[in-house]
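The values are calculated or read from the model by the stated rules, or taken from the named source; none is laboratory data. It should be emphasised that the depicted structure is a prediction, and the values quoted were computed from it without experimental measurement. Cβ sites come from the backbone with ideal geometry, for glycine too, and all protein chains shown count toward neighbours. Areas reflect the complete protein model, heavy atoms only, side chains present, ligands, DNA and RNA absent. Shrake-Rupley method; radii C 1.70, N 1.55, O 1.52, S 1.80 Å.
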Amino acid sequence: MDIDYKPLWKLLIDRGMTRSELRILAGISTRALARMGKNENVSTEVLGKICKALHCEITEVMEFVDEDGSQSE
């Protein structure tokens, strides 16, 4: 299974927020944000900071997808 951060990017669009604004608000590094842009793994600490900054649940930030790209249940 792979990770997909599409829910986060959609949430940012819905809130009218840029990735740079998220980075500053959540206090995460540009490297972590870049890794997320490539759907790569980041620490749970980073995910926790994002959820806290956006007042949301982890399911609003990421989802697991099968290798073929379909959403995992």
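For a test of the definition: using alpha carbon positions, the gyration tensor, and the 1.5 limit on a/c, classify segment 1-52 as rounded, prolate or oblate. Please list the in-between numbers first.
Working: a/c = 1.60, a/b = 1.17, b/c = 1.36.
Because a/c hits 1.5 or more and a/b fails to exceed b/c, segment 1-52 counts as oblate.
Treating only the Cβ of Lys, Arg, Asp and Glu as charged (+1, +1, -1, -1), what charge dipole size does the chain show about its Cα centre? Round to the nearest 20 debye.
Numbers: 10 positive and 13 negative charges, 131 e Å.
With only Lys, Arg, Asp and Glu charged at Cβ, the dipole is about 620 debye.
Straight-line reach from LYS49: which lysines fall under 16 Å, measuring Cα to Cα and dropping same-chain residues less than 8 apart?
none
From Cα pairs below 8 angstrom and at least 6 apart in sequence, can you work out the relative contact order of the chain, rounded to a whole percent?
Normalised by residue count, the contact order of the chain is 49 percent.
Amide H of ILE28 versus every other amide H placed in the peptide plane: which residues, excluding those fewer than 5 positions away on the same chain, fall under 5 Å?
Amide H neighbours of ILE28, under 5 Å, 5+ apart: none.
Can you work out the accessible area per residue across the chain, with the rest of the protein chains kept in place, probe 1.4 Å, in square angstrom? Can you show the working numbers first?
On the way: 4900 Å² over 73 residues.
About 67 Å² of surface per residue is accessible.
Answer with one residue from ILE13, SER29, LEU54: the one whose Cα lies farthest towards the positive end of the charge dipole of the chain, charges on Cβ with Lys, Arg +1 and Asp, Glu -1.
SER29
Please report, as a whole percent, how much of the solvent-accessible surface of the chain comes from carbon and sulfur atoms (probe radius 1.4 Å). Walk me through the numbers before you get to the answer.
Values: 2450 of 4900 Å².
The computed percentage sits at 50.
How large is the helix-only mean residue ellipticity at 222 nm for the chain, computed as the sum of -39500 (n - 2.57) over DSSP H runs with n ≥ 4, divided by its residue count, in deg cm²/dmol to the nearest 500?
Details: 4 runs with 37 residues, N = 73.
Here the helix-only value at 222 nm equals -14500 deg cm²/dmol.
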